[in-house]
1. Return the residue satisfying two criteria in turn: it lies in the stretch B:32-53 and is away from chain A (no Cβ under 14 Å), surrounded by fewer than 24 Cβ atoms within 10 Å (Cβ to Cβ) and among the small types (Gly, Ala, Ser), and of such residues it is farthest from ligand 2 (Cβ to nearest atom).
2. Among (1) within 16 Å of ligand 1 (Cβ to nearest atom); (2) of a type in the set (Ser, Thr, Tyr); (3) touching a Gly at 6+ places or on another chain (Cβ under 9 Å), where does residue B:94 come up short?
3. Does residue B:168 count as assigned by TED's automatic domain parsing to the domain that holds residue B:92, at pLDDT 90 or above and away from ligand 3 (no atom under 16 Å from the Cβ)?
4. Could you identify the single residue in A:176, A:207, A:200 that is more than 14 Å from every other protein chain (Cβ to nearest Cβ) and either among the small types (Gly, Ala, Ser) or buried (at least 24 other Cβ atoms within 10 Å of the Cβ) (or both)?
5. What are the residue pairs meeting all of these: first residue in the stretch B:282-306, first residue farther than 18 Å from residue B:236 by Cα and at pLDDT 80 or above, second residue of a type outside the set (Val, Ile, Thr) and near ligand 2 (Cβ under 6 Å from one of its atoms), Cβ atoms under 6 Å, and 6 or more apart or on different chains?
6. Could you tell me which residue of the stretch B:171-214 is nearest to ligand 2 (Cβ to nearest atom), considering only residues that are among the small types (Gly, Ala, Ser) and at pLDDT below 85?
7. With B:43, B:94 as the choices, which residue is within 25 Å of residue B:240 (Cβ to Cβ) and not in a strand (DSSP E or B)?
8. Which residues, counting only those in the stretch B:316-349, are outside any loop (DSSP other than H, G, I, E, B) and more than 13 Å from ligand 2 (Cβ to nearest atom)?
Amino acid sequence: MAKYIGKRLVYMLLSLWMIVTATFFFMRIAPGNPFASEKKLPPEIEANLNAHFGLDKPWYAQYWEYLVRIANWDFGPSFKYKSQTVNDLINEGFPVSFLLGMEAIFIAVAVGVLLGIIAALKHNRWPDYTAMIVAVLGISVPSFIMASFLQYFLAIKMGIFPVARWESFMHSVLPAVALASTPMAFIARLTRSSMLEVLANDYIKTAKSKGLSRGVITVKHTIRNALLPVVTYMGPLTAGILTGSFVIERIFGIPGLGAHFVTSINNRDYTVIMGVTVFYSILLLVSILLVDIAYGIIDPRIKLAGGKKGE
Amino acid sequence: MEKLLEVKNLEVSFQTYGGTVKAVRGVSFDLHKGETLAIVGESGSGKSVTSQSIMKLIPMPPGRISGGQILLNGDDIVPKTEKQMEKIRGKEISMIFQDPMTSLNPTMRVGNQIMEVLIKHQNMTKTDGKNRAVELLRLVGIPMPEKRVNQYPHEFSGGMRQRAMIAIALAANPKLLIADEPTTALDVTIQAQILELMKDLQNKMDTSIIFITHDLGVVANVADRVAVMYAGQIVEMGTVDEIFYDPRHPYTWGLLASMPSLENDDKAELAAIPGTPPDLTNPPKGDAFAARNQYALAIDFEEEPPMFQISETHFAKTWLLHPDAPKVEPPEAVKRRMRQLSSTFENPVLVKEGK
Ligand SMILES: Nc1ncnc2c1ncn2[C@@H]1O[C@H](COP(=O)(O)OP(=O)(O)OP(=O)(O)O)[C@@H](O)[C@H]1O
Ligand code: SF4
Ligand SMILES: [Mg+2]
């Protein structure tokens, strides 16, 4: 186990290094890039940048310095805002985004799994059809349309929730739901098909032949096995929630990292783009590792140590 | 001997998009305490459906027991509810399935899968259940049971998984054990070991067994009596000797002729039965076997044959036993093994339709 995690950490560092390198060089070749210094910048920022990146030095020196700084968890100053560093932006925006993301993941998993289980247990009856109609809607309606829809009906028309901003728990409900809708629908379908597959398995018949009740069979034999694919989906789910939050945070005026990221792209705030990209990559790599470890714990057939499926 | 199980005129059908599949069409047999009945027949002949009906394990819907009775100790289980069946399954009747690779839950420890039965039916505590599970694993011949009890199915070999399945099935001392092709998925040596184990445990526990197989070679080893199934019906039933040495039904002849044996190894006509079983959505008029039967008479395409009784224990459902039927010779491979059995009646007796 420890050996496996160590190995994975090495791979993670390697991927991270590639991502940092790619971001660095993409930024260099992007038109109007910060290192070409062809734009006229306020003198304070120019000074900051010079100090930070050593723009007068050759590219390999710049690259090396950037790597060292990132290794020290220093993403540099903003390109746009005086006296603000990328670290400040992350420290300020990430807790908000994290809360929103967690809420969305919770909704997506809890509701999605529940819908999927109900649909499978009532296969080809009305609860199944209802759940699957909800799922198809969830998958086919993009989150930004869902967001406007929720804002219009639940906030403006009915006044149950606030329209936008980030002040209380009530403020977080609509954005979390909008963010969760597509992955939730996907999880519902995944759970349903996986449940149906498990239910058709011989070992369910074995369980029944032992005289176990339907409830016990569902909980102890069916759901646990059916949730394995859902656990695998947690990695892509995290990525989906991350990218989804860019749009949703903008729509709801939430001061999260996603909103900052979008703003920084609009402003061509290169250092922020680079810093946040790297930060997101770390987040994603860590969550994928966590998912893999969780999977190895849940499914005894996966041997983490060997990294291979044991047969 | 006392009768444990009586199946009377059982009919099972499945509602499918293509229509109603009549998978079991009037099956009757009984089973005594401590006896082993083998059910043989081609794929799709309704062996599994028949046996799963006895535990009401067929999926309902689309399945339905559309007629007949299943008496367990004289008590009909057909009208029983699911809740009532839970007290019978695993306790009175239990089942071993064909593929030990898929019939155990892959994410549950083997010990827990045995304990479930003990906790449910014998009101054992977890600790007692665990100790008993270790004992059971030892009983079915699994080495180091204290260690194995905590392992997962994928850590067991195929033969050991089937042993574990047997431990699960026998955990609550059931009166009837149904084994649905328990050795088909295993290689020959393991097969023999599992059969030996089952016979051994049957003697110890005095369980009755219904043994389903399409391998007649296995039957001679394990069974007291044999029922031959074709297209959802029992077409011949008798003791092992009667079926092997005095078969009367052309389908049984076909099965015996297609069975490899040591005596007639070299290129002797290992005759496969020609054709395929009929579509059970629309069973043909007359005898379901007529189209594949080289001995078929004109009447076979018109009217279903009744059951004839050849001895106290031997029954066959074919027009060939009718007094007016022409005398026919069974295939060479079968004739060679034919013997005159002392218990045979002078003339076949017509018994009522469906016995
Ligand atoms: N769930 C089901 N839905 C529809 N038809 C079914 C179902 N289960 C079984 N049948 C039908 O019932 C018939 C008998 O099947 P059964 O499984 O009893 O055959 P079998 O004798 O056990 O064959 P095998 O040797 O392949 O196990 C087949 O024609 C099959 O198509
Ligand atoms: S009844 Fe006719 S068709 Fe059926 S087995 Fe006998 S001879 Fe063949
Ligand atoms: Mg079968």
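1. Checked the stretch B:32-53; the qualifying residue farthest from ligand 2 (Cβ to nearest atom) is B:34.
2. With respect to (1) within 16 Å of ligand 1 (Cβ to nearest atom); (2) of a type in the set (Ser, Thr, Tyr); (3) touching a Gly at 6+ places or on another chain (Cβ under 9 Å), residue B:94 is out only on (1).
3. yes
4. Of A:176, A:207, A:200, the one residue that is more than 14 Å from every other protein chain (Cβ to nearest Cβ) and either among the small types (Gly, Ala, Ser) or buried (at least 24 other Cβ atoms within 10 Å of the Cβ) (or both) is A:176.
5. B:301/B:290
6. Once the filter is applied, the top-ranked residue is B:185.
7. Matching residue, one of B:43, B:94: B:43.
8. B:332, B:333, B:334, B:335, B:349
The values are calculated or read from the model by the stated rules, or taken from the named source; none is laboratory data. Treat the numbers as computed from the prediction; the structure is a model and nothing was measured. Ideal geometry is used to build each Cβ from the backbone, glycine not excepted, and the neighbour counts take in all protein chains shown.
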